[in-house]
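K.L.:
Right, I'll just put the structure down here and ask away after.
The values are calculated or read from the model by the stated rules, or taken from the named source; none is laboratory data. These numbers were taken from a predicted model, which means no experiment stands behind them. Reconstructed Cβ throughout: ideal geometry from the backbone, glycine too, with neighbour counts over all protein chains shown. Side chains are part of the model used for accessible areas, which takes the heavy atoms of the whole protein and leaves out ligands, DNA and RNA. Shrake-Rupley method; radii C 1.70, N 1.55, O 1.52, S 1.80 Å.
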Amino acid sequence: MSNFLKDGRALALVAGVMFALGGLTILLDKDLTSPLLWQSGQWLTILTVAGTISAGHLMADAVRARHWFAAIGFLVLFLSGTALVVYSSVGRQAETQGTTTLSVEDTNKKIVEKNADLDAAKQRKAYADAQVQKEVGRGGCGRNCKDWQRNSQDVEIVIEQLEREIAALGPQKPVNAKAVAMAEIAMLLHVPGTKDQIVAALVLLMPFATTLFFEVGSIVAFGFAFRTSRKVEAVRPIIPESPVPVPANDPVSEKSTGIPGNPPAPPKGPRRRGRKADPKVLNFSEAFRKKNGRAPSGGEIKSALPGMATSTAYDYAGRARASA
């Protein structure tokens, strides 16, 4: 358990769950928190995301195991699942963004129309007030004066109503405010293209980038959390050979083996005495060594002494090489 926490597996697992929930939030939106109301579409979406993540991990395992057919199959499943998830999430984001954009545009349009109506109403009121002042200047407020007064009061009511509606709508909101702000920054950095082109590109690419961020993040995080540890092969300890004890009264115990720290070599058994050397062979070997600078071979001894057995000739040759 301590190793699971120390080597980053726990953090990777938490990150994988967060990435997966982020992707599901894009796909399911508010339905994510109401699992009891899920229908077949929501369940298929969740199974697609889980299957795609699993296919990505199984593909890596199949490659490590050198099962190429299975690796290709999991690769096809991973790519097709990724395409389905991206298609669904991008469509969902485009739908939401389109609804938001239409709502903002409709609100802005209403604000413009209400402001135009308010300006027109104020002009009508100003004209009605001017007519009242004109009638009063002629010597009193007669019937026409009173009509203009009622007209001014009615317009005043319309003005108050329009002002309340405009206040409720609030100020105009920018469409694609984030994309517009990023486009302005891009223009400062001299990115090629006009501001409208940059805004259109950002609006088109952001749903793809968001979806791939969550999906790739979940695959990488889960892969690190459930990675296979490399097993270290146990090294067999080398046990030094114990020296063979030598009796203290052995006459060869004083002869060192020449290796520091090792005891004297154990005594050898008595050597078997061989046959007595033939003087002819000795004379021939001595003469051959003086002439050729080496001991004769068994075949050369056999050629010089044809009556000798082959095995005996080779035995003499071995003695000659040993004595040399």
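K.L.:
Which one of these is modelled with pLDDT under 80, polar (S, T, N, Q) and more than 28 Å from Leu202 (Cβ to Cβ): Ser54, Ser103, Ser40, Ser88? Reasoning before the result, please.
P.N.:
Details: Ser54 fails: modelled with pLDDT under 80; Ser103 fails: more than 28 Å from Leu202 (Cβ to Cβ); Ser88 fails: more than 28 Å from Leu202 (Cβ to Cβ).
It is Ser40.
K.L.:
Can you tell me which residue is farthest from Ala126 (Cα to Cα) among those in the stretch 138-147 that are open to solvent by 70 Å² or more (accessible area, probe 1.4 Å) and either part of a helix (DSSP H, G or I) or modelled with pLDDT of 85 or more (or both)?
P.N.:
Initial filter on the stretch 138-147 (open to solvent by 70 Å² or more (accessible area, probe 1.4 Å)): 138-139, 143-144, 146.
Narrowing further to those that are either part of a helix (DSSP H, G or I) or modelled with pLDDT of 85 or more (or both): 143-144, 146.
Numbers: Arg143: 19, Asn144: 16, Lys146: 15 Å.
Ranking the candidates gives Arg143 first.
K.L.:
I'm checking my understanding of the structure. Among residues of the stretch 44-55 that are free of Cβ contacts under 8 Å to residues at least 40 places away in the same chain and within 16 Å of Gly22 (Cα to Cα), which one is most open to solvent (accessible area, probe 1.4 Å)? Outline the logic, then answer.
P.N.:
Taking the stretch 44-55 first, the residues free of Cβ contacts under 8 Å to residues at least 40 places away in the same chain are 44, 46-47, 50-51, 54-55.
If we keep only those that are within 16 Å of Gly22 (Cα to Cα) as well, we get 46-47, 50.
Details: Ile46: 35, Leu47: 111, Ala50: 51 Å².
Within the stretch 44-55, the match that is most open to solvent (accessible area, probe 1.4 Å) is Leu47.
K.L.:
Yes or no: the stretch 150-163 includes at least one residue that is part of a helix (DSSP H, G or I), open to solvent by less than 60 Å² (accessible area, probe 1.4 Å) and either within 30 Å of Ile198 (Cβ to Cβ) or of a type in the set (D, E, K, R) (or both).
P.N.:
No - not one qualifying residue is present in the stretch 150-163.
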